[in-house]
Amino acid sequence: MAKPVIITVDDDPEVLQAVARDLRQEYGDRFRIIRADSGASALEALEQLKLRNQPVSLFLVDQRMPQMSGVEFLEQAMSMFPDAKRALLTAYADTDAAIRAINNTKIDYYLMKPWDPPEERLYPVLDDLLDDWQAGFHPPFEGIRVIGNRWSPYSHQVKDFLARNQVPYQWLDIELSEEAQKLAEYSECDKLHLPIVLFGDGSHVMQPTNLQVAEKIGLRTQAEKPFYDLIIVGGGPAGLAAAVYAASEGLRTVMIEREAPGGQAGTSSRIENYLGFPTGLSGGDLARRGVTQAKRFGVEILTPQEVKGIRVENQYRFVQLEDGSEISCHALMLALGVSWRRLDIPGLDRLTGAGVYYGAAQAEAMSCQDEDVYIVGGANSAGQAAMYFSRYAKHVTMLIRGDSLTKSMSQYLIDQIAQTLNITVKTHTSVREAKGETSLESITIHNSLTGETQTVPATSLFIFIGAVPRTEWLDGVIERDQHGYIITGPDLQKDGQRIKGWTLERDPFLLETNIPGVFAVGDVRHGSVKRVASGVGEGSICVQFVHRYLSNVL
Ligand SMILES: Cc1cc2nc3c(=O)[nH]c(=O)nc-3n(C[C@H](O)[C@H](O)[C@H](O)COP(=O)(O)OP(=O)(O)OC[C@H]3O[C@@H](n4cnc5c(N)ncnc54)[C@H](O)[C@@H]3O)c2cc1C
């Protein structure tokens, strides 16, 4: 932890130097001593300390200074660091002013100049004040702070990105926190440019892209080498498992992930059916473990980085990255997964990120403390989210179109929901409209059995209505089914006919696409089982096919 600060202010350079020297000698090992030659420059220093979240323990300030007296400075400094102890340095003639300040400005002590010898006339007083301060001191949060508006999609994006990358942060709502308002002021940020992300080194970015945040927190977005044995696109369970097996078996491997490693599984609040974790584990935990394991074997992970296209040239496969650059490889694995399907009803698009969310349970749960939360969807992902929100929200209402959860949800979750008092399941119910000026204010729901339509106040609506592949960018290169899932292995052969353009003697391997050496695994694959374990299984098995492919091209 950074040392707490003692600030001394005096306009006389010789006195300032002497006070700072004495302070450093006695307290330098435990406190950082900062000196300023005027109230104005000390206030500037205080703003920087606020932005770095560094605590101030003590002000030792000369009373008689031009422009701003010691008392005037302390009045302002107090509002920034109300817990810091305040001591005035006075000449004999200023004694009356100092005594008045004890009453009016809540000065803790005044010391007379000269203070020699400090062992008798300075340190005992300051020791007392610092002990007092230390007793009530709670170390501040040292990580990243995000200052924003709860209903702003930009703020949601930053929080979601940090949460999904398992970066701890403190959220400060500009509407609720005076501290947040002051920090916005110190960093000269108006409301239009929120959120501000403050880093531990005092630097900040306003309304940043994921890429800007990624660079600050040390994520790698550019490839180290121009060529790899294997490029894996997608860092969900399938991609991570493939990365671990490939690198552990000696393949030079890079994994490219658009949002955050973990994929859909990374957004799950609790996975309870994955082998080896009898009490379940959060998706974030699974992702963190997978990333650590992959890195341990030397996998290079680029994130956030999106692959926009692929091309084939002889035995080389190239991927085009978002910034236009290319990297190439012998074998390519597409582990692209699926993305949330959008609900197409009036008002929803405009309010997405401002009370309406797809997935995102982790990032928003704390904000919903003691509120009513609505969840659309009846599959496992919706059930997990309902259980997770029930810990924070006053009440959770699940809206499902069917007559029960049994057709779409695992029994263990149905049982948990039934036992949770603050969850209600509304069957035969769908959302018809969402309303709100700048954030969600109400939803209109319709019961298909009774025909009843009602509008209810709502500030948070979380949608979990299934997912679709986003594979349009593979058009013309990789064979896909009518829904966009990638076709592999035996499924490529129609009516016993060999696939168009396939020139090799052998048939495609089980998980190979219509392009030799390009594989597809996990949820994005036509016919796959949409589960963590099956994604992990496919990613792992596929590495065997990569080896067999490489043995013929190398
Ligand atoms: C909320 C939730 C809870 C779930 N709970 C369970 C559960 O309890 N048990 C269970 O077995 N399953 C569960 N599932 C399903 C499970 O998470 C998925 O089956 C699994 O994550 C699929 O893994 P995947 O690697 O194939 O794809 P994904 O997890 O979807 O990962 C694909 C990754 O590829 C990235 N990507 C896509 N396109 C690109 C591109 N062009 N460039 C770079 N990166 C790209 C995406 O950003 C994503 O991170 C849950 C799913 C959800 C959403």
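The values are calculated or read from the model by the stated rules, or taken from the named source; none is laboratory data. In this text the structure is predicted, and so the values were computed from the model without any measurement. Cβ placement follows ideal geometry from the backbone for every residue including glycine, while neighbour counts extend to all protein chains displayed. The protein model used for the area step is the full one, side chains on, heavy atoms only, and it has no ligands, DNA or RNA in it. Shrake-Rupley method; radii C 1.70, N 1.55, O 1.52, S 1.80 Å.
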Checklist entry - Within region 395-442, which GluC sites (Glu not before Pro) sit in a loop by DSSP and count at most 16 neighbouring Cβ atoms inside 10 Å? => result Glu437, Glu441
Checklist entry - Within region 62-163, which chymotrypsin sites (Phe, Trp or Tyr not before Pro) sit in a loop by DSSP and count at most 15 neighbouring Cβ atoms inside 10 Å? => result Phe137, Phe141
Item to check | Residue-normalised accessible area of region 377-467, given per residue in Å² at a 1.4 Å probe | outcome: 47 Å²
Checklist entry - What value does the chain have for Rg/Rh, both radii from Cα atoms and Rh as Kirkwood defines it? => result 1.10
Item to check | Spin-label zone in region 253-277 - amide nitrogen under 15 Å from a point set 7 Å from the Cα of Leu550 along the C-beta vector | outcome: 253-255
Item to check | Anisotropy class of region 67-216 from Cα gyration tensor, a/c 1.5 cut | outcome: prolate
Next on the checklist: Based on C-alpha coordinates, I'd like the Rg and Dmax of region 417-554, in Å.
Outcome noted: 22.8, 67
Checklist entry - Can you list the equivalent-ellipsoid semi-axes of region 12-132, largest first and in whole Å, using the square root of 5 times each Cα gyration tensor eigenvalue? => result 19, 18, 14
Item to check | Set Lys3/Lys113; Lys3/Lys191; Lys216/Lys530; Lys106/Lys182; Lys494/Lys530 screened for pairs whose C-alpha atoms are more than 29 Å apart | outcome: Lys3/Lys191; Lys216/Lys530
Item to check | Among beta bridges that DSSP assigns inside the chain, antiparallel share in %, nearest 5 | outcome: 35 percent
Checklist entry - Put a dot 7 Å past each Cα toward the Cβ at Met78 and Arg498; how far apart are the dots in nm? => result 8.8 nm
Checklist entry - Which of the DSSP-defined H helices in the chain satisfy a minimum axial length of 30 Å, computed from C-alpha atoms, and a minimum mean Kyte-Doolittle hydropathy of -0.5? => result 532-553
Checklist entry - Where does region 386-433 land on Rg/Rh, using Cα atoms and the Kirkwood Rh? => result 0.97
Item to check | Highest to lowest packing among 371-381, 457-467, scored as the average C-beta count within 10 Å | outcome: 371-381, 457-467
Checklist outcome for this item: The long-range amide H neighbours of Ile465, using H built 1.01 Å from N in the peptide plane and a cut-off of under 5 Å, are Arg341
Checklist entry - Which whole-number value in Å³ per residue fits the convex hull of the alpha carbons of region 405-484? => result 180 Å³
Checklist entry - By how many nm would the segment from Arg506 to Asp128 lengthen if fully extended, with 0.36 nm per residue of separation less the alpha-carbon distance? => result 127.7 nm
Checklist entry - In whole angstrom, how long is each semi-axis of the equivalent ellipsoid of region 12-83, when you take the square root of 5 times every eigenvalue of its Cα gyration tensor and sort them from largest down? => result 18, 18, 10
Next on the checklist: Full-extension gain between Gln170 and Ile102, please, as 0.36 nm times their residue separation minus the C-alpha to C-alpha distance.
Outcome noted: 20.9 nm
Item to check | Orientation-averaged projected area, Cα convex hull of region 255-329 (nm²) | outcome: 6.3 nm²
Checklist entry - Can you tell me the Rg and the Dmax, both Å, for the Cα atoms in region 41-112? => result 12.0, 38
Checklist entry - Which aspartates and glutamates have a Cα less than 13 Å from the Cα of Lys426, not counting those fewer than 8 places away in the same chain? => result Asp403, Glu452
Item to check | Radius, Kirkwood style, for region 76-125 when every pair of distinct Cα atoms is counted (Å) | outcome: 11.7 Å
Checklist entry - Across region 146-266, how large is the tail of the calculated P(r) beyond 22 Å, expressed as a percent of all Cα pairs? => result 44 percent
Item to check | Whole-number accessible area per residue in Å² for region 1-160, which is evaluated in the context of all protein chains at 1.4 Å | outcome: 48 Å²
Checklist entry - When the accessible area of the chain is computed with all protein chains present and a 1.4 Å probe, what percentage of it is carbon and sulfur? => result 49 percent
Item to check | Estimated FRET transfer efficiency when R0 is 22 angstrom, pair Leu43-Glu14 (beta carbons, to 0.05) | outcome: 0.45
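May I ask you to list the trypsin sites (Lys or Arg not before Pro) in region 27-101 that are in a DSSP loop and have at most 13 other Cβ atoms within 10 Å of their Cβ?
Arg30
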Checklist entry - Once the Cβ-Cβ distance between Val468 and Arg220 is put in as r, and R0 is 41 Å, what FRET efficiency do you end up with, to the nearest 0.05? => result 0.90
Checklist entry - What is the spread of the Cα atoms of region 441-482 along each of their three principal axes, largest first, in whole Å? => result 48, 26, 12
